[in-house]
Amino acid sequence: MAGFLLRRLVSRGVLVVVAGSLAYLLAAAALDPRAGFEGRTPRPPEAVVDARLNALNLNDRTPLFDRYSTWAWNVLHGDFGRTQEGEPVNAELWRRLAVSLRLLVPGGVLGGVLGVLLGTYAAARRGRVADRFITGGSYLLLAVPVFVLAVLLQTIAVMVNGAMGARVFVWVGESAPGEPGVLGVLDQARHLLLPATVIAVPQAALYGRYQRALVLDVLHADFVRTARAKGLRRRSALVRHGLRTALVPMTTYSAYASGLLVLGGVFAEKAFGRHGMGEWLVDSIARGDVNAVAAIDCVAACTVGAAGLVSDVLNGLLDPRVRLGATP
């Protein structure tokens, strides 16, 4: 098991390095930091603009490989450079990351758990009303973009607030200023409800569809039939034997779904005014801020890589063959 995890850790690390390097190269080649100086009145002299961009390692007239070498060397020392305004990227990055995690973690966990439960229940009720309802609802939710779902929930919340004559739902920002102690925690939970729902619902639909197919594959497997022949009820055989087997490929799938989770967070943060990495990414691309975009992409790559490593650990816990080294 230790050797398996070590190999996976190395492979994930290599993928993160490649993804981060490609992110910087693409951002540096496609974005135009010089454009931010063209709209100023009066426009700074060309020599001043070049000096400023050189100081930030953003000058498009410097060879791309030279800029990448400087950036990579600084990243190895824990420095993602500075934004176009001259502020350190690191400080803003960690602050924004904390905001994003407070949204993505509860939304992703809720969506994953709910999807597994709904998919398992739909498979156990195959062909019945509950199965048709869950399947149809999953298809519908998967067809709705995240930003459309966000606007729809906000519209419903406004209607509910109007009907109740009170602010039952609030969603702009993380919290209202000046709420201390327990009241502050409750206020943050109120602000989290709608954006977390926007994150969780598509994840639940995605996981539910996949989990249903996995459970259907094991319902009539030999080990499930053997368990029932020994006297276990259908539900007990499914939960104790079938569900554990079906969860093994689900742990691998969750690593790939984490990328969609991060992407959904970008739209959710913009729609609900939460100042996290997703909002910062969109604004940085619009400004042509290469260092900020590259830093955000590196953190996203690390997040997906960490999710893959966690899925490997769960895979090993659920599948004895991995612990015994029978699988690569």
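How many residues are without any contact (Cβ under 8 Å) to a residue 60 or more places away in the chain, surrounded by 14 or more Cβ atoms within 10 Å (Cβ to Cβ) and under 17 Å from R125 (Cα atoms) when one looks only at the stretch 222-238?
Residues that pass the stated criteria total 2.
Just one of the numbered conditions (1) part of a loop (DSSP other than H, G, I, E, B); (2) touching a Lys or Arg at 6+ places or on another chain (Cβ under 6 Å) is not true of P177; which one?
Of (1) part of a loop (DSSP other than H, G, I, E, B); (2) touching a Lys or Arg at 6+ places or on another chain (Cβ under 6 Å), only one is false for P177: (2).
H275 versus (1) closer than 30 Å to A55 by Cβ; (2) in a helix (DSSP H, G or I); (3) open to solvent by 20 Å² or more (accessible area, probe 1.4 Å): which is the lone unmet condition?
The single condition H275 does not satisfy is (2).
Somewhere in the stretch 227-242, is a residue of a type in the set (V, I, T), modelled with pLDDT of 75 or more and part of a helix (DSSP H, G or I)? It would help to see each step written out before you state the result.
Our first condition is that a residue be of a type in the set (V, I, T); within the stretch 227-242, this holds for 239.
Now narrow it down to the ones that are modelled with pLDDT of 75 or more: none.
No, every residue in the stretch 227-242 fails to be of a type in the set (V, I, T), modelled with pLDDT of 75 or more and part of a helix (DSSP H, G or I).
Counting only residues that are within 19 Å of L31 (Cα to Cα), open to solvent by 50 Å² or more (accessible area, probe 1.4 Å) and assigned to a helix (DSSP H, G or I), how many does the stretch 69-94 have?
So the answer is 1.
Can we say R12 is open to solvent by 40 Å² or more (accessible area, probe 1.4 Å), under 30 Å from D312 (Cα atoms) and either among the basic types (K, R) or part of a helix (DSSP H, G or I) (or both)?
yes
Does G107 fit the bill of being within 28 Å of V304 (Cα to Cα) and at pLDDT 90 or above?
Against the criterion (within 28 Å of V304 (Cα to Cα) and at pLDDT 90 or above), G107 qualifies.
Report every pair of residues separated by at least 6 positions or lying on different chains whose Cβ atoms are under 6 Å apart, first residue within the stretch 248-271 and under 17 Å from L110 (Cβ atoms), second part of a helix (DSSP H, G or I) and at pLDDT below 80.
Filtered contacts from the stretch 248-271: S254/S311.
Out of V151, V168, V172, report the one residue that is in a helix (DSSP H, G or I) and surrounded by fewer than 20 Cβ atoms within 10 Å (Cβ to Cβ).
Just a single option satisfies the conditions, and that option is V151.
Just checking, which of T41, T62 is farther than 19 Å from V304 by Cα, of a type in the set (V, I, T) and surrounded by fewer than 13 Cβ atoms within 10 Å (Cβ to Cβ)?
Residue meeting the stated conditions: T41.
Evaluate the stretch 254-264: report whether one residue or more is out of contact with any His (no Cβ under 6 Å at 6 or more places or on another chain), open to solvent by less than 30 Å² (accessible area, probe 1.4 Å) and not in a helix (DSSP H, G or I).
no
The values are calculated or read from the model by the stated rules, or taken from the named source; none is laboratory data. In this text, all values refer to a predicted model and were calculated from it rather than measured experimentally. All Cβ positions, glycine included, derive from the backbone under ideal geometry; neighbour counts span all protein chains shown. Ligands, DNA and RNA are stripped out before the accessible areas are found, and what is left, the full protein with its side chains, is counted by its heavy atoms. Shrake-Rupley method; radii C 1.70, N 1.55, O 1.52, S 1.80 Å.
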